[in-house]
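Visitor: Would you mind keeping the following structure in view while I ask a few things?
The values are calculated or read from the model by the stated rules, or taken from the named source; none is laboratory data. Bear in mind that the values here come from a model prediction, so they are computed numbers and not experimental data. In this analysis, Cβ positions are derived from the backbone assuming ideal geometry, glycine residues included, and neighbour counts consider all displayed protein chains.
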């Protein structure tokens, strides 16, 4: 899928571009691209190609979290589970808010609460 870019030009130039595109049987976009490409220096395109290759080659690997930043899965984190029980017991039923308070992903908290309710560990009253 091609991206759409915008360039502002004078109204008179735009109308002339549309007429010329109609005469040649191509779209206004194609004609404008051809005209601009032909008017630019070839070294500009060479530079773009070489710099985009170097960017791809030097792309940094994704930074992984350090061990101290990593948390155990919620199903194994008894401390986080206990905090959920306390919040639930205090009347907090907004699961997204619970997730924010224990600094865990919303989906994980949703799933854990659902399973805890099914097991009878949390009451829905």
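Visitor: Given the conditions (1) outside any loop (DSSP other than H, G, I, E, B); (2) under 30 Å from residue 123 (Cβ atoms); (3) at pLDDT below 90, report the number of the one that residue 71 does not fulfil.
Guide: Among (1) outside any loop (DSSP other than H, G, I, E, B); (2) under 30 Å from residue 123 (Cβ atoms); (3) at pLDDT below 90, residue 71 violates only (1).
Visitor: Looking at (1) modelled with pLDDT under 90; (2) outside any helix (DSSP H, G or I); (3) surrounded by 10 or more Cβ atoms within 10 Å (Cβ to Cβ), which is the one condition that is false for residue 65?
Guide: Status for residue 65: all satisfied but (3).
Visitor: Check whether at least one residue in the range 21-36 is loosely packed, with under 10 Cβ neighbours inside 10 Å and modelled with pLDDT of 90 or more, and report yes or no.
Guide: Checking the range 21-36: at least one residue is loosely packed, with under 10 Cβ neighbours inside 10 Å and modelled with pLDDT of 90 or more.
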